[in-house]
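Novice: Pasting a structure here, questions to come.
The values are calculated or read from the model by the stated rules, or taken from the named source; none is laboratory data. Only a predicted model underlies this, so the values are computations on that prediction, with no experimental measurement involved. As a convention, Cβ positions derive from the backbone with ideal geometry for all residues, glycine included, and neighbour counts pool all protein chains shown.
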Amino acid sequence: MISSPSFRSIAGFTVKQALLSTFLAMIVGFPAAVHYARSNGRLSRLLGITTYIPFFFPSISMAIGFLAVYGRNGLFNNLMSFAGLERVQILYSLGAVLLGHVFYNAPIVILVLGNALRSLPTDVLESSKIDGSGRIRRLLRVELPLVTPAIINSALLIFTYCFTSFAVVLVLGGAQFATLEVSIYMNFRLLAAPQNAVVLAAVQFAFIMVFGLLISLSEKSSPFEHGEQYLEKNRLTGIYSWIFVLFEWIPILGALFSSFYDWTRKEFIFERITKLFTEKIVLLGTGLVNTLVNSITLSFLAAVVTVTIAFFLSWQARHTSRGSRYLRIVSLIALSVTPSILAVSYLTAFGSFPVPLLLVLLYIVISLPVALNYISGQVIGAELAFLEAAQLDGASKLARVWYMIIPFFRSTIIYAATVVFAISMGEFGGSLILGSKDFPTFAVAIYRLNGSRYLLEARFLSSALGIIIISVVAISRWFAQRPERSSRSTP
């Protein structure tokens, strides 16, 4: 299969769209990253919240949001028609795929590059300013060379996410723009060619391992201590950043607002949304409430198990000289396995296992790197001298764990569990392959509703799911950053 023209076409398109998406996302996100680094006002905080989108906003919610805003009968074309202009076809094209990837990945530039620029020492920037360097010259000659690793790291991250993209390509582009990830799903579920899916999964795994190694090599801690932030107002980057925030949030909020009103029938649909939760939907094989409860239960179980594993590994790494290196290897292996690859592997090796069990295992593996990265950062460097004192006083190991270690890392555990729960609730690609007709997850249920006569209801559910997940993660993050005791530094 690897030597076939169809494979070369799919692999070539996968690389092509990932390169184009990465370039555009870097360009679009760069001015906003600069503004985020040099300001600390309301807009800067909004940009910070926007960085949650690539990691926590469900991909299916994003795709349906784009359908609601940029579709043939979406908000954008309705405004065009109202202004007397012709409607334009945006979706189901390469441009739609690129637009979706820019939306989803440009905030990564703010997160990685923006924070790197923030960490630059003020004395270096002030010295450059005193020497007569203007803003642009200082940015190009001083700041960007100092944060080159962050630029490379953000580009590699975005390329990897675009290379393995599933929902954006499947929903916004369609089957004619199949990537390796989409082809794995199509061969396994639609074309009844599991052997081809396994080959594609193996090839993609090899690619991602290489990307993961490159990302790992590019991840260098900043040589500068995080001191006082260098502030500098810039009206142009401020205006651009407001436009950027609108670009990011309109598909999210627009889909929610448009879901309450049927523009074709000129009527509100509150009653139709209510019926979703009170009637059994043949398309789903069960009621929507059961689907929601099942997804919450599986996501909760995955969060408990994943955080337990991550904390145990981090605690062991704390007492090992090469612990951080071992954790990085574990994270790299887990990151190299996409949900589609995992789903195909599970069904091939454990096809007789219950679907809920396979889904929980899927969620654990895909969220473990994130949980490990956060928990290990808090555990390995923590000052825990009081544990030695408690041990000398005769406290048992169980007592030290239950009454000291867990309370001390309470906010860390809660935040990590919330993140895992959010990732699990929004996971789509692997769940679509694993899920049976009678056991769809909430994200898969939204996708099925969107492909039927429940289009507006799917918009409402997808937007509500995305907003709730981001809100819960943001609140949990705020809780985790609160100082719990004077003897402990904020995580």
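Conditions (1) within 27 Å of residue 234 (Cβ to Cβ); (2) of a type in the set (Ser, Thr, Tyr), marked per residue:
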| residue | (1), (2) |
| --- | --- |
| 51 | yes, yes |
| 86 | no, no |
| 91 | no, no |
| 95 | no, no |
| 102 | yes, no |
| 119 | yes, yes |
| 123 | yes, no |
| 127 | yes, yes |
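Novice: Can you find a residue in the stretch 98-108 that is under 12 Å from residue 172 (Cβ atoms), touching an Asp or Glu at 6+ places or on another chain (Cβ under 9 Å) and modelled with pLDDT of 90 or more? Can you show your working first?
Specialist: Narrowing the stretch 98-108 to residues under 12 Å from residue 172 (Cβ atoms): 98-104.
Keeping just the survivors that are touching an Asp or Glu at 6+ places or on another chain (Cβ under 9 Å) gives 103.
Restricting the remaining residues to those that are modelled with pLDDT of 90 or more gives 103.
Yes; the residues of the stretch 98-108 include at least one that is under 12 Å from residue 172 (Cβ atoms), touching an Asp or Glu at 6+ places or on another chain (Cβ under 9 Å) and modelled with pLDDT of 90 or more.
Novice: Among the residues of the stretch 291-303 satisfying the criterion of being crowded, with 16+ Cβ neighbours inside 10 Å and among the aliphatic types (A, V, I, L, M), which is farthest from residue 362 (Cα to Cα)?
Specialist: Of the stretch 291-303, the ones crowded, with 16+ Cβ neighbours inside 10 Å are 291-292, 294-295, 298-303.
Right, trim to among the aliphatic types (A, V, I, L, M) and you get 292, 298, 301-303.
Numbers: 292: 18, 298: 10, 301: 12, 302: 9, 303: 12 Å.
Among those that are crowded, with 16+ Cβ neighbours inside 10 Å and among the aliphatic types (A, V, I, L, M), it is 292.
Novice: Can you name the helices (runs of 4 or more DSSP H) wholly within the stretch 5-75 that have at least 3 residues being closer than 15 Å to residue 159 by Cβ and of a type in the set (S, T, N, Q)?
Specialist: Working: elements: 5-37, 42-50, 53-56, 59-70.
Here the list reads 5-37.
Novice: Scan the stretch 272-312 residue by residue and report those that are assigned to a loop (DSSP other than H, G, I, E, B), of a type in the set (A, V, I, L, M, F, W, C) and closer than 22 Å to residue 357 by Cβ. Talk me through it step by step, then tell me what you get.
Specialist: The first filter runs over the stretch 272-312 and keeps only residues assigned to a loop (DSSP other than H, G, I, E, B), leaving 277-279, 282-285.
Checking which are of a type in the set (A, V, I, L, M, F, W, C) leaves us with 277, 282-284.
Within the stretch 272-312, just 284 meets the criteria.
Novice: So, one more: What residue, of 156, 144, 200, is of a type in the set (A, V, I, L, M, F, W, C), closer than 26 Å to residue 61 by Cα and assigned to a helix (DSSP H, G or I)?
Specialist: On the way: 144 fails: closer than 26 Å to residue 61 by Cα; 200 fails: closer than 26 Å to residue 61 by Cα.
Going through 156, 144, 200 in turn, the sole match is 156.
Novice: Which pairs do you get when a residue that is in the same structural domain as residue 202 (by TED's automatic domain parsing), found in the stretch 1-27, comes within reach of a residue that is β-branched (Val, Ile, Thr) and not in a helix (DSSP H, G or I), reach meaning Cβ atoms under 8 angstrom, with the pair 6+ apart or on two chains?
Specialist: 10/179; 13/179; 14/179; 17/179
Novice: A further question follows. Going residue by residue through the stretch 28-41, is there one that turns out to be small (Gly, Ala, Ser) and surrounded by fewer than 18 Cβ atoms within 10 Å (Cβ to Cβ)? Full working, then the answer.
Specialist: Pass one, the stretch 28-41, residues small (Gly, Ala, Ser): 29, 32-33, 37, 39, 41.
Now narrow it down to the ones that are surrounded by fewer than 18 Cβ atoms within 10 Å (Cβ to Cβ): 41.
For the stretch 28-41, residues small (Gly, Ala, Ser) and surrounded by fewer than 18 Cβ atoms within 10 Å (Cβ to Cβ): present.
Novice: Of all the residues that make up the stretch 375-425, how many are in contact with a Ser or Thr (Cβ under 7 Å, 6 or more places away or on another chain) and assigned to a helix (DSSP H, G or I)? Lay out the reasoning, then the answer.
Specialist: Step one: of the stretch 375-425, the residues in contact with a Ser or Thr (Cβ under 7 Å, 6 or more places away or on another chain) are 375-376, 378-380, 414-415, 418, 420-421, 423-425.
From what's left, assigned to a helix (DSSP H, G or I): 375-376, 378-379, 414-415, 418, 420-421, 423-425.
The qualifying residues number 12.
Novice: In this structure, is residue 61 hydroxyl-bearing (Ser, Thr, Tyr) and farther than 28 Å from residue 182 by Cα? So that I can check it myself, show each step before the final result.
Specialist: Working: hydroxyl-bearing (Ser, Thr, Tyr): yes; farther than 28 Å from residue 182 by Cα: no.
Considered against the rule, which asks whether it is hydroxyl-bearing (Ser, Thr, Tyr) and farther than 28 Å from residue 182 by Cα, residue 61 comes out as no.
Novice: While we're looking at this one, here's another question. List every residue pair whose Cβ atoms lie under 8 Å apart, where the two residues are 6 or more positions apart in sequence or sit on different chains, the first residue falls within the stretch 462-478 and is among the charged types (D, E, K, R), and the second residue, located anywhere, is modelled with pLDDT of 85 or more.
Specialist: 477/415
Novice: Let me ask another. Whether any residue in the stretch 216-226 is modelled with pLDDT of 90 or more and either surrounded by 15 or more Cβ atoms within 10 Å (Cβ to Cβ) or over 30 Å from residue 463 (Cβ atoms) (or both) is what I want to check.
Specialist: Residues of the stretch 216-226 that are modelled with pLDDT of 90 or more, as a first pass: none.
The answer is no, given that none of the residues of the stretch 216-226 is modelled with pLDDT of 90 or more and either surrounded by 15 or more Cβ atoms within 10 Å (Cβ to Cβ) or over 30 Å from residue 463 (Cβ atoms) (or both).
Novice: Another question, then. Taking the stretch 342-356 only, how many residues are touching a Leu at 6+ places or on another chain (Cβ under 9 Å) and in a helix (DSSP H, G or I)?
Specialist: Of the residues in the stretch 342-356, 7 are touching a Leu at 6+ places or on another chain (Cβ under 9 Å) and in a helix (DSSP H, G or I).
Novice: Restricting attention to the stretch 426-446, which residues are modelled with pLDDT of 90 or more and either over 23 Å from residue 303 (Cβ atoms) or in contact with a Pro (Cβ under 7 Å, 6 or more places away or on another chain) (or both)?
Specialist: Correct list: 426, 427, 428, 429, 430, 443.
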